[in-house]
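Step one of this worksheet: look at the structure below.
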Amino acid sequence: MGINSLFNIATSGITMARVAIEVTSENIANVNTDGYSRQKTVFETSPVNNANGFPLGTGVQLATVQRNHDELLQLQLVKGNSQYGESETKQTALSQIEPFFNEVTNDGLGQAMEDFFNSWQDLSVTPQGSAERQAVLSRSQILVDTFHQLNTNLNDSLVSADRSLDGISSEITDKAKNIASLNEQILQTERLGGNANELRDQRDYLTQELAKKVGVSYAEQSDGTLTVTLPGGEPLVQGNLFATLSTETDAGTGLNKVMLSPLGGGAAVDVTATIGGPENGLGEIGGTLQVRDEIVPGYLAKLDEMARQLVTTVNAQHSSGYGLDGTQNDFFDASKTTSADIALNSGLTTDKIAAAGQDPTSFSGPGDNTNALALAKLKSFSFTFTVDGKTTSTTMSSFYNAFVSSVGIDTENAANSMAQNESFLRQLNALRESNSGVSLDEEMANLIKYQRAFEASAKVVNAATEMLDTVMGLIR
């Protein structure tokens, strides 16, 4: 082993120390970069040479620059982001819906219903009273307007959720496009023998961000590219190809359908029914579809059933009585039985309000109040409500109170679910940070270690130089 071998060994030490310092510097520079995984240089001894029958080392070489990455943790982060995206979307929507049923201000549907039945009780005391009859009309109109307002508010929430599908679909497409682009870059880099660690970090982080929008499953292929599929099994990303999501108005419902244009082109297919599936977590798009297609329609169905029961039952009782003019009339418009269109009978006047059980024009006297009393007693009447195939017999106020309670419970459950998913995701991110994140203390210690290694290798060069000078001096 000659002096040249010393130079080679020292040079390899200097080179590897420089590489290690570069990697450490990269870690320090990206300490605050989202999704960045700490990198570590892994060294190995260079091939040995035989000198006088003994194997002697020839220095150090770089085995790899290793990325601290946990694939199982990445899988959990993807699923956790998907579940959090769904619960956050539902909680946001329900927190906006809940104030519609706030009875604290005394101007909600429950109070309007109470005032409506109380006005009939007041009329029964003075069945011919003009003020009492006018109060019945006024309270009734307030009740009708409250139904309309609640229906409008709920439909506004439904439309808002529907419109947001377009933006979410665009974001999913954009992230899929970026993942496909990173697939191509990783493939080309690694084919040329390069290091694609940071590109892989970016792809992993994008996959987590994508999962927050829609539940996905993924698998890394043998060539290093990532294949991403939607909950229905449709491929979203394959190699450098990606599918696109868009929305299209459904002619039957007037609402948006989520359409998928397949990889490589072709006719778009409707994936609305499967894209929010729970198999891989729902994401924002799944939560939005739940709000639009299940939660709000469920509330509207209960509201409509209340309106229908009120119209049919009150009309049946009212039309059996007589107004001051001796006529029998429906109180509500019998053709309008939903919360959207419920209305008073257009021909109803104060004289046509049927407080009496007998025709007052057929005999002399003030008339009776039996029908007004019967209508007032509907406040405690047990109605038969049918919603989603389930039948319940209870009073109007009890049904509405249970309805309001269900909205509050749904909101609370959504808030609890979001808090739990957020806490779980925070724990996963903390675990990832401890496993793959950059520790400045550790990197500073490494920096000093590699700096000393660099200096030591440089001293070997100096020593070899002095030895060479001495030998050359002997020759001269």
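Here are some notes:
- The set of residues from segment 15-40 being crowded, with 20+ Cβ neighbours inside 10 Å and under 23 Å from R452 (Cα atoms) comprises M16, A17, A20, V23, T24, N27, R38, Q39.
- Residues located in segment 16-50, provided they are touching a residue at least 12 places away in the same chain (Cβ under 8 Å), out of contact with any helix residue (DSSP H, G or I) (no Cβ under 8 Å at 6 or more places or on another chain) and either over 25 Å from S439 (Cβ atoms) or not assigned by TED's automatic domain parsing to the domain that holds A458 (or both): T45
- Per the conditions (1) more than 33 Å from the chain's Cα centre (by Cα); (2) farther than 28 Å from E22 by Cβ, the sole criterion not satisfied by R452 is (2).
- One residue stands out in segment 430-443 among those that are in contact (Cβ under 8 Å) with a residue 60 or more places away in the chain and in a helix (DSSP H, G or I): the one that is nearest to A20 (Cα to Cα), namely E443.
- Meets criteria (assigned to a helix (DSSP H, G or I), at negative phi, surrounded by 14 or more Cβ atoms within 10 Å (Cβ to Cβ) and of a type in the set (A, V, I, L, M)) for V407: yes
- Checked across segment 327-342, the condition of being in a helix (DSSP H, G or I), in contact (Cβ under 8 Å) with a residue 24 or more places away in the chain and in contact with a helix residue (DSSP H, G or I) (Cβ under 9 Å, 6 or more places away or on another chain) holds for no residue.
- Residue that is surrounded by the fewest Cβ atoms within 10 Å (Cβ to Cβ) [pool: residues in segment 298-316 that are without any contact (Cβ under 8 Å) to a residue 60 or more places away in the chain and β-branched (V, I, T)]: T312
- Residue match in segment 334-343 (condition: surrounded by 15 or more Cβ atoms within 10 Å (Cβ to Cβ), farther than 18 Å from L300 by Cβ and not hydroxyl-bearing (S, T, Y)): no
- Checklist (1) assigned to a helix (DSSP H, G or I); (2) under 19 Å from G298 (Cβ atoms) applied to T386, failing item: (1)
- Residue within segment 70-91 that is surrounded by fewer than 18 Cβ atoms within 10 Å (Cβ to Cβ) and outside any helix (DSSP H, G or I) present: yes
- Some residue of segment 14-23 being of a type in the set (S, T, N, Q) and outside any helix (DSSP H, G or I): no
- Scanning segment 253-275 for residues that are among the polar types (S, T, N, Q) and either surrounded by 24 or more Cβ atoms within 10 Å (Cβ to Cβ) or touching a strand residue (DSSP E or B) at 6+ places or on another chain (Cβ under 6 Å) (or both) turns up N256, S261, T272.
- Test result for Q83, of a type outside the set (D, E), at pLDDT 95 or above and within 19 Å of K212 (Cα to Cα): no
- Some residue of segment 206-228 being farther than 20 Å from N81 by Cα and either of a type in the set (D, E, K, R) or in contact with a Phe, Trp or Tyr (Cβ under 9 Å, 6 or more places away or on another chain) (or both): yes
- Of the residues contained in segment 276-290, none is found to be of a type in the set (A, V, I, L, M, F, W, C) and surrounded by fewer than 18 Cβ atoms within 10 Å (Cβ to Cβ).
- Checked against the criteria, G367 counts as buried (at least 17 other Cβ atoms within 10 Å of the Cβ) and at pLDDT below 95.
- Of all residues in segment 356-364, one or more are modelled with pLDDT of 90 or more and over 27 Å from P297 (Cα atoms).
- Flag for V136 being in a helix (DSSP H, G or I), in the same structural domain as V311 (by TED's automatic domain parsing) and more than 30 Å from Y36 (Cα to Cα): yes
The values are calculated or read from the model by the stated rules, or taken from the named source; none is laboratory data. None of these values were measured; they are calculated from a predicted model. A quick note on method: Cβ atoms are made from the backbone with ideal geometry, for glycine too, and the neighbour counts reach across all protein chains shown.
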